[in-house]
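Reviewing the structure listed below.
Where a number appears in this text, it was derived from the coordinates with a stated rule and is not lab data. Please read these numbers as outputs of a predicted model, since none were measured by experiment. All Cβ positions, even for glycine, are placed from backbone atoms using ideal geometry, and neighbour counts span all protein chains on display.
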Amino acid sequence: MLEDFPELDPFLCTFETWQEEILNYIDARQTRGPVEGLNNKARVILKRSYGLRSADSLWTRLILDLKRAQDIVLFTIDQMHELVAAFRIWFSPACT
């Protein structure tokens, strides 16, 4: 088939690379949409937050922008620092 249609070679290479993800979507409609949305939100916040002096304020802004402000307002400053520390534990392996 590739002899007759050499244009399909890039498509087949892409399909082989992403075959599991493509089939997951077809079988169960599983996507990375929520994760990609969160990553995009974090990138936007980083761009908007240029010049912030501490990581704590960056994490606080991330939480507020994720519409969790009502949860944060109920916490004290110390509790918010604990929440940020917990986030760091979860996200630090992903950060390189």
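Some notes on this structure:
- Alpha-carbon spread of the stretch 1-45, three principal axes, descending order, Å: 48, 25, 11
- Net charge of Cβ neighbours under 12 Å - reference PHE15; Lys, Arg +1; Asp, Glu -1: -4
- Selection among GLY33, SER54, TRP18 by position relative to the dipole of the stretch 2-57 gives SER54 as farthest towards the positive end (Cβ unit charges, Cα centre).
- Take the Cβ atoms of ALA86 and CYS13, set R0 to 35 Å, and the FRET efficiency comes out at 0.25.
- Two-site FRET efficiency, LYS41 against GLU3, from Cβ-Cβ distance with R₀ of 30 Å, rounded to 0.05: 0.05
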